[in-house]
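Engineer: Here's a structure for you.
The values are calculated or read from the model by the stated rules, or taken from the named source; none is laboratory data. On a predicted model such as this, the values are computed, not experimentally measured, just so you know. Because the Cβ atoms are built from the backbone with ideal geometry, glycine has one as well, and the counts that use them run over all protein chains shown. With ligands, DNA and RNA removed, areas are computed over all heavy atoms of the protein, side chains included. Shrake-Rupley method; radii C 1.70, N 1.55, O 1.52, S 1.80 Å.
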Amino acid sequence: MAANWSTSTNRKRSSEGHQHGFKKKTKPNNNTPWNKNLATSLPRELKACKFAESRAAEITALTKNVEHIGSCRVVFQKLPRHLRRRAMSHNIKRLPRRVQEPAKIEYEVRPQNGGKKPSRKHRRRPKNLLIDYYRRQRKIKWLETHIWHAKRFHMGEKWGYRLAVRPTDRSYRACYRASANHCLLQDVSYECCIEVIGGVDLIKTTFTHLMTVDTGTTIGGAAVINGNRMGYNVLYHYDQYPYKAIGKVCFLWKPNDNNNGVDRQLWIWCHPSYYQETWREITQAFKTDDLELENKMVDDCPFDQQVQVGNVQITSLKDNLIKFRLTGALSQTILIDALKPADVQSKEAVKYWWQTYYDNDINISQHKHQIAGWTDLMSCQSPAEVSPNMVLSLTVRDPRLSIPDIKTKVKPNLDGLTTTDTKNVVSSPVVAQSPLWDVSIRKDVKSTKLSEAELNKLRSNQAVPGTPLILGDAESRIPIILIQRPGQRDSSSHSISRHGFGSGWDIIVPSGWGMAFHIAFMYRGCRAGGLQEAESLAAEMGHFYMPLDFPETVAGQAEQAKISVALEEKYKRYPPDKKPNFVKLGTASPFSQPFESLNEAWRIKHEKIGGVDEAKNRELNVLRNKRVLRLIAKTIEQKSKMLTSKSIAQNLNACMKQLENLIKDSVNTLVPVQIKMDSRGLPLRCAGLYIPNLDDLSKIKQDRKYGGPKEKPHPDPNKNKSKDKKQRNSEFKASKVGLDENDRSVIGFMNSGRFIFGQGQGSGIAFCSLIGLYHLIKSIPQGDKLRVLVRNPSSLQYRFASVVILV
């Protein structure tokens with residue numbers, strides 16, 4: 001089959017025809033006014049079959065794209081808008097004939113209700129909504145307050161949960177004011193709890209291999225063993241301290257019930273990012289001499305079940321307890337108004353858990369002591385006045401029965417307030433004894449809860465609308481545990497915030513009651529916060545934020561890697577003229593902190609000076625020993641004093657010698673420090689900390705408003721090369737700047753930084769090389785304040801900042 005070639009074919013089609021095998025003209029046509037060279041290149045005829053074969057792949061791809069244009073999911077969406085009719089949605093014959101057959105196939109393969117999607121009215125029924133909610137939680141777990149937060153917060157998937165990240169109303173400053181002067185409410189039920197039941201001596205002995213008194217209160221500490229205070233410490237792998245840290249945990253003993261029994265209960269809370277690591281390490285720590293049992297524990301360790309290891313029973317209480325965190329001066333007032341002690345005396349037949357539990361003179365006496373302790377705490381104006389980390393148990397009424405009709409802001413009653421010694425409240429573990437420790441009681445409290453529909457029906461049957469419901473014994477009694485958080489206790493110049501900031505209460509309630517207590521708190525003036533507010537609150541208080549501020553742990557490194565990848569991908573999306581050139585800026589690592597390379601560089605420098613014990617060179621670790629951290633802080637303090645007496649010089653020499661001995665054993669150690677900007681500047685993540693030279697220090701002495709020196713621009717070897725996107729990214733990785741190629745020596749990197757409202761300046765947490773910090777202390781003249789230079793990854797400007805050791 002052939003077709004005559006039109007004489008009006010242009011040059012482009014002529015070249016295409018020649019490329020695909022068209023037959024050329026052998027004789028030029030002298031009658032045409034064309035150029036002879038052009039005329040001789042035109043084909044005489046077109047072979048349609050051969051042309052179609054050569055374009056088969058393009059035609060197939062074009063057909064596929066037309067069929068899926070606009071990512072259409074159904075046939076109706078593929079029609080042009082002017083052909084769409086409402087009747088087509090329920091009558092296939094209204095569609096054009098060419099798409100009726102595909103529409104029939106789509107209708108037949110629809111899975112629900114024989115091919116017809118249920119109506120919205122059917123889907124929105126409470127029973128069907130609940131089924132759908134359970135289906136959506138198969139992979140990602142929801143908290144009990146998820147639906148409330150999902151309507152008001154930006155949600156994100158973190159650590160196996162769907163959590164509230166930040167409010168949608170942009171209330172960053174409002175949440176800070178709430179935590180400072182009012183009350184900030186956070187649902188921290190994602191924190192995982194592990195229960196250990198066994199002999200006290202065995203538990204204490206085992207946890208000495210996982211914890212140390214150098215980093216905090218241990219399991220067997222005298223302050224926490226009675227169960228009237230919460231303890232905090234850093235968990236390590238078995239006998240690996242100071243290396244292989246797992247993360248920070250908090251723990252609480254069940255108060256001794258004077259039954260002279262050997263076994264005690266212990267609850268351990270940890271962050272969900274290292275829950276599995278914590279569970280595995282605790283179960284393996286209680287190993288026995290049976291090799292088969294030991295191997296089974298290692299290989300088949302369940303994370304959400306009960307495990308019997310010798311004489312110790314380990315149970316996962318993950319997602320079985322609800323935990324709320326109230327922060328602020330009014331948190332005490334809100335709790336007093338929302339939590340009403342319940343009447344637990346009944347003369348009717350035994351039907352509910354509390355009738356059985358309180359059918360005992362000892363338990364009744366404990367309940368009365370708890371009410372008395374709660375009454376004494378009502379005289380405190382702020383939670384900061386309460387004994388630190390104290391534990392108080394209560395059995396309270398259903399909070400839904402005393403909820404206000406409208407949202408109100410509860411104000412403290414200052415009339416008749418007297419100073420109360422709260423230490424007497426926690427002198428006995430009686431006030432900390434709670435029925436919440438019993439698993440059967442927790443189940444009964446959840447199963448006997450009146451539903452919202454039942455409560456609303458009882459309210460509608462009230463003779464006078466709006467009057468309080470009196471249910472008698474049918475009203476639920478809920479056991480809860482309150483734990484005080486001291487917040488910022490140090491009011492010296494080393495703290496970044498005022499005394500008492502961040503204090504509040506943690507409330508532990510049984511599962512199934514999350515929304516009831518959450519709404520009760522919100523209706524009394526609380527402001528809800530998410531993960532962003534939790535991180536901001538930790539920064540304001542100068543505390544570590546888990547797991548981001550634990551770079552030596554597996555969970556911390558994984559979190560850092562996620563942030564680094566996200567920052568690098570964001571950087572690659574920008575064109576070259578809209579993003580900083582890190583090669584010119586001399587930034588070695590703009591998206592991550594190369595702590596291992598930093599320690600290695602300083603180890604080589606120190607070897608040339610004094611030498612290092614190679615046998616002690618081990619993996620990366622962060623200095624958490626409070627005694628050693630106080631030693632470094634004391635050395636900095638002695639260095640800042642003028643040598644007016646021999647005692648000051650002797651103390652300084654002694655401290656410096658101890659630091660030198662410490663360096664020989666800890667060359668790969670990082671020191672956690674707090675960076676506080678002297679004047680201008682905001683330290684950002686991955687910003688470098690540098691040692692100032694004598695010229696920098698003299699200028700800042702002469703002029704306090706001196707902004708700091710500037711780094712000289714570095715040469716870019718790829719400046720005149722190709723600007724292809726893939727090649728630019730590969731060139732960026734190949735042109736990394738070394739840590740020692742800047743004008744000043746780097747000793748550490750910022751881990752997190754932001755503007756701190758409490759001090760009105762930029763501040764953050766950083767980690768410095770121990771050797772680098774030692775050289776910084778030596779380089780500062782005697783009597784000067786310890787300062788570093790901070791430079792952000794995308795800037796050449798150095799800024800002065802003070803250094804505070806985080807103990």
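Engineer: Can you work out which of the residues in segment 291-303 that are surrounded by 14 or more Cβ atoms within 10 Å (Cβ to Cβ) and assigned to a loop (DSSP other than H, G, I, E, B) is modelled with the highest pLDDT?
Structural biologist: Applying the filter and picking the extreme gives F303.
Engineer: So which residues in segment 88-102 are without any contact (Cβ under 8 Å) to a residue 12 or more places away in the chain and not polar (S, T, N, Q), if there are any at all?
Structural biologist: So in segment 88-102, the residues without any contact (Cβ under 8 Å) to a residue 12 or more places away in the chain come out as 90-91, 93-94, 97-98, 100-101.
Selection gives H90, K93, R94, R97, R98, E101.
Engineer: Please enumerate the residues belonging to segment 333-362 that are surrounded by 16 or more Cβ atoms within 10 Å (Cβ to Cβ), part of a helix (DSSP H, G or I) and not aliphatic (A, V, I, L, M).
Structural biologist: T333, D337, W353, W354, Q355, Y357
Engineer: Evaluate the following for I771: is it within 30 Å of M642 (Cβ to Cβ) and at pLDDT 90 or above?
Structural biologist: Working: within 30 Å of M642 (Cβ to Cβ): yes; at pLDDT 90 or above: yes.
Yes; evaluated as a whole, the condition is true for this residue.
Engineer: Also, quick follow-up: Please state which one of G525, G504, G472, G512 is within 26 Å of G227 (Cβ to Cβ) and surrounded by fewer than 22 Cβ atoms within 10 Å (Cβ to Cβ). Before the answer, list the steps.
Structural biologist: Working: G525 fails: within 26 Å of G227 (Cβ to Cβ); G504 fails: surrounded by fewer than 22 Cβ atoms within 10 Å (Cβ to Cβ); G472 fails: within 26 Å of G227 (Cβ to Cβ).
Exactly one residue qualifies, and that residue is G512.
Engineer: Sticking with this structure for a sec: I'm trying to understand the selection: among the residues of segment 88-98, which are more than 20 Å from T63 (Cα to Cα) and surrounded by 10 or more Cβ atoms within 10 Å (Cβ to Cβ)? Even if it seems obvious, please write down each step before you answer.
Structural biologist: From segment 88-98, those more than 20 Å from T63 (Cα to Cα) are 88-95; that's our starting set.
Scanning segment 88-98 gives M88, S89, N91, I92, R94, L95.
Engineer: Got at least one residue in segment 38-45 being surrounded by 13 or more Cβ atoms within 10 Å (Cβ to Cβ) and modelled with pLDDT of 75 or more?
Structural biologist: Yes, segment 38-45 has at least one match.
Engineer: Sticking with this structure for a sec: Which numbered condition trips up R162, out of (1) surrounded by 19 or more Cβ atoms within 10 Å (Cβ to Cβ); (2) under 30 Å from L436 (Cβ atoms); (3) touching a residue at least 40 places away in the same chain (Cβ under 8 Å)?
Structural biologist: Against the list (1) surrounded by 19 or more Cβ atoms within 10 Å (Cβ to Cβ); (2) under 30 Å from L436 (Cβ atoms); (3) touching a residue at least 40 places away in the same chain (Cβ under 8 Å), R162 comes up short only on (3).
Engineer: What about T635, is it in contact with a Cys (Cβ under 9 Å, 6 or more places away or on another chain), open to solvent by less than 20 Å² (accessible area, probe 1.4 Å) and part of a helix (DSSP H, G or I)? Before the answer, list the steps.
Structural biologist: Values: in contact with a Cys (Cβ under 9 Å, 6 or more places away or on another chain): yes; open to solvent by less than 20 Å² (accessible area, probe 1.4 Å): yes; part of a helix (DSSP H, G or I): yes.
Yes, satisfied.
Engineer: What's the number of the only condition in (1) modelled with pLDDT of 90 or more; (2) among the charged types (D, E, K, R); (3) surrounded by fewer than 21 Cβ atoms within 10 Å (Cβ to Cβ) that R325 fails to meet?
Structural biologist: (3)
Engineer: Go through segment 176-209 and report how many residues are in a strand (DSSP E or B), touching a helix residue (DSSP H, G or I) at 6+ places or on another chain (Cβ under 9 Å) and more than 15 Å from F286 (Cβ to Cβ).
Structural biologist: Total meeting the criteria: 5.
Engineer: Contact list please: Cβ distance under 7 Å, first residue in segment 541-565 and under 15 Å from A766 (Cα atoms) and hydroxyl-bearing (S, T, Y), second residue open to solvent by less than 50 Å² (accessible area, probe 1.4 Å) and part of a helix (DSSP H, G or I), pairs at least six apart or on different chains.
Structural biologist: Y545/A538
Engineer: Only one residue in T278, T212, T283, T288 is among the polar types (S, T, N, Q), at pLDDT 90 or above and part of a loop (DSSP other than H, G, I, E, B). Which one?
Structural biologist: Details: T278 fails: part of a loop (DSSP other than H, G, I, E, B); T283 fails: part of a loop (DSSP other than H, G, I, E, B); T288 fails: at pLDDT 90 or above.
When all the criteria are applied, what remains is T212.
Engineer: Taking the conditions exactly as written (at pLDDT 90 or above, over 15 Å from Q345 (Cβ atoms) and β-branched (V, I, T)), does I371 satisfy them or not? Don't jump to the end; show me each part of the working.
Structural biologist: On the way: at pLDDT 90 or above: yes; over 15 Å from Q345 (Cβ atoms): no; β-branched (V, I, T): yes.
So I371 fails the test.
Engineer: For segment 368-406, what are the residues that are touching a helix residue (DSSP H, G or I) at 6+ places or on another chain (Cβ under 7 Å), closer than 30 Å to E452 by Cα and open to solvent by 10 Å² or more (accessible area, probe 1.4 Å)?
Structural biologist: R400, I403
Engineer: I want to confirm something. Restricting to segment 566-582 and keeping residues that are farther than 15 Å from C686 by Cα and without any contact (Cβ under 8 Å) to a residue 24 or more places away in the chain, which single residue is surrounded by the most Cβ atoms within 10 Å (Cβ to Cβ)? Can you show your working first?
Structural biologist: Just the residues of segment 566-582 that are farther than 15 Å from C686 by Cα, to begin with: 569-570, 572-579, 581.
Then drop every residue that is not without any contact (Cβ under 8 Å) to a residue 24 or more places away in the chain, which leaves 569-570, 573-575, 577-579.
Details: E569: 10, K570: 11, R573: 9, Y574: 10, P575: 9, D577: 7, K578: 7, K579: 13.
Among those residues, the one meeting the criterion is K579.
Engineer: Next up: Checking N751 against (1) crowded, with 22+ Cβ neighbours inside 10 Å; (2) polar (S, T, N, Q); (3) under 19 Å from Q488 (Cα atoms), which single condition isn't satisfied?
Structural biologist: (3)
Per-residue answers, yes or no, for (1) among the acidic types (D, E); (2) farther than 25 Å from L143 by Cα; (3) in contact with a helix residue (DSSP H, G or I) (Cβ under 7 Å, 6 or more places away or on another chain); (4) modelled with pLDDT of 95 or more:
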| position | (1), (2), (3), (4) |
| --- | --- |
| R524 | no, no, yes, no |
| L537 | no, no, yes, no |
| M541 | no, yes, no, no |
| Y545 | no, no, yes, no |
| E552 | yes, yes, no, no |
| L585 | no, yes, no, no |
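Engineer: To continue, here is another question. Surrounded by fewer than 22 Cβ atoms within 10 Å (Cβ to Cβ) and touching a strand residue (DSSP E or B) at 6+ places or on another chain (Cβ under 6 Å): which single residue out of R477, R498, R485 fits that description?
Structural biologist: Numbers: R477 fails: surrounded by fewer than 22 Cβ atoms within 10 Å (Cβ to Cβ); R498 fails: touching a strand residue (DSSP E or B) at 6+ places or on another chain (Cβ under 6 Å).
Exactly one of R477, R498, R485 is surrounded by fewer than 22 Cβ atoms within 10 Å (Cβ to Cβ) and touching a strand residue (DSSP E or B) at 6+ places or on another chain (Cβ under 6 Å), namely R485.
Engineer: Hey, can you tell me all the residues within segment 652-678 that are modelled with pLDDT of 85 or more, among the polar types (S, T, N, Q) and open to solvent by less than 70 Å² (accessible area, probe 1.4 Å)?
Structural biologist: Hits for segment 652-678 are N668, T669, Q674.
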